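Read through the structure below, which is laid out as structure tokens, and then see the notes.
The values are calculated or read from the model by the stated rules, or taken from the named source; none is laboratory data. Fair warning: this is a prediction, and the values are worked out from it, not measured in the lab. Because the Cβ atoms are built from the backbone with ideal geometry, glycine has one as well, and the counts that use them run over all protein chains shown.
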Amino acid sequence: MLTIDGSIGEGGGQILRIALAWSALRSEPIRVVNIRAKRPKPGLKPQHLTALLALKEITDAEMRGAKIGSKEVEFIPSDTKKGNYIFDCGTAGSITLMIQAILPVLLNTDGESRVILRGGTDVKWSPPIDYAAKIFLGALRKMGATADIQVIRRGYYPKGGGEVVLKVRDSKIKGIKLTGGNPREICGNVHYSNLPDHVPERIKHSALKELIDFRAHINIERLDGMSTGTGITLWAHGRSFVFGSSALGERGVRAEAVGKNAGSEMREYAEKGVGVDTHLADQLLIYMAMVGDSELRTSEISSHAKTAMELLQKLENVRFYTEKLDGLHSIRAEKD
């Protein structure tokens, strides 16, 4: 059984998600130790446990160490199977991080699956659900993926209560070249629940001020739910680029600052002509490792991406190459 040290690089939950997805894809038993060793509270949190239990069900796996706080797990997958699944985090744990763990496996499973995921849709330290739907899946579709996200209900911290439907059909993933370009249009969405109507208007107006040199359209989505919160996601698509930005509202942070943060980051990506934003780069690496012959160009290589590349090179016969090209950072994946 292969053992993976969860303390390498950033030492966060990303190592666990990649290791488990690889194990399921390659039908290889795996042990992950020192889980989230470099986080303030190491070990499995509810969203990590839910992802683990989801993969157990999808792959009919044997598993040991699956409990909150556990710093070591063993995962022995069997056959992956399509189906209708429901996975409930029970907290505001990130739905998008659960999607990151199960999606590579479902794309490699014959047939169509429908997965209901419950937890937090828009919470700190993880991509918001609009980012996953518009940016992450937008890039994966360029790689040949057939997947869709439908938001039934938003869930903000601390109450959660969000619900998302993920539909996935088996897909033949191919290499990708996202080397940059200039967007003709920038789109966006401001969502809010249980807040005055002027809050999202101020967020939208502030973001548009940052994007005054671009053709930008931002929608406002009003929700009524158990959670109170707001946020904004911006995105741009083109033949050789997919990138975006996002920001969440927080107590004590003015609405104008939320819009400005997302808008200024988006403007920077657009002016630099990136192929992908910094966060998308690290999320695509597992797919690039499986197929090779891919290149991304981004404004910087995050510690998340460096950790993912280090781990994937241990697991797969792949090599990642990085270099500075025309002011951007290139990441190439080639199969050995």
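Summary table below
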quantity	calculated
L315 vs. criteria surrounded by fewer than 24 Cβ atoms within 10 Å (Cβ to Cβ) and under 24 Å from E210 (Cα atoms)	no
Sole residue being outside any helix (DSSP H, G or I) and of a type in the set (G, A, S), chosen from G138, G188	G188
Lone unmet requirement of (1) in contact with a helix residue (DSSP H, G or I) (Cβ under 7 Å, 6 or more places away or on another chain); (2) among the charged types (D, E, K, R); (3) outside any loop (DSSP other than H, G, I, E, B) for K174	(3)
Residue list for segment 251-283, filter: at pLDDT 95 or above and part of a loop (DSSP other than H, G, I, E, B)	V253, R254, G273, V274, G275, D277
Single condition S330 does not satisfy, out of (1) surrounded by 16 or more Cβ atoms within 10 Å (Cβ to Cβ); (2) outside any strand (DSSP E or B); (3) out of contact with any helix residue (DSSP H, G or I) (no Cβ under 9 Å at 6 or more places or on another chain); (4) not basic (K, R)	(2)
Enumeration of residues in segment 72-131 that are among the charged types (D, E, K, R) and within 17 Å of P46 (Cβ to Cβ)	D88, R118, D122, K124
Residue match in segment 201-220 (condition: over 28 Å from M143 (Cβ atoms) and touching a Ser or Thr at 6+ places or on another chain (Cβ under 8 Å))	yes
Residue that is nearest to K81 (Cα to Cα) [pool: residues in segment 154-172 that are charged (D, E, K, R) and buried (at least 17 other Cβ atoms within 10 Å of the Cβ)]	E163
Residue satisfying all of: in segment 43-73; polar (S, T, N, Q) and out of contact with any Pro (no Cβ under 8 Å at 6 or more places or on another chain); nearest to E112 (Cα to Cα) among these	T50
Subset of segment 157-187 (residues that are modelled with pLDDT under 95, under 13 Å from A92 (Cβ atoms) and not small (G, A, S))	Y157, P158, K159
Count - residues of segment 108-124 that are under 19 Å from the mean Cα position of the chain (by Cα), among the β-branched types (V, I, T) and surrounded by 18 or more Cβ atoms within 10 Å (Cβ to Cβ)	3
Single unsatisfied condition, H237 versus (1) in contact with a Lys or Arg (Cβ under 6 Å, 6 or more places away or on another chain); (2) surrounded by fewer than 21 Cβ atoms within 10 Å (Cβ to Cβ); (3) closer than 21 Å to G275 by Cα	(1)
Filter result (surrounded by fewer than 20 Cβ atoms within 10 Å (Cβ to Cβ), modelled with pLDDT under 95 and not in a strand (DSSP E or B)) within segment 214-227	D224, G225, M226
Cross-chain or 6+ apart pairs with Cβ under 8 Å, segment 53-68 first and assigned by TED's automatic domain parsing to the domain that holds D88, then among the basic types (K, R) and outside any helix (DSSP H, G or I)	I58/K81; T59/K81; D60/K81; I68/K45
Single residue of K71, K67 found to be closer than 20 Å to W22 by Cβ, among the basic types (K, R) and either within 15 Å of the chain's Cα centre (by Cα) or surrounded by fewer than 23 Cβ atoms within 10 Å (Cβ to Cβ) (or both)	K71
Qualifying positions in segment 291-319 - of a type in the set (A, V, I, L, M, F, W, C) and farther than 26 Å from A236 by Cα	L311, L312, L315, V318
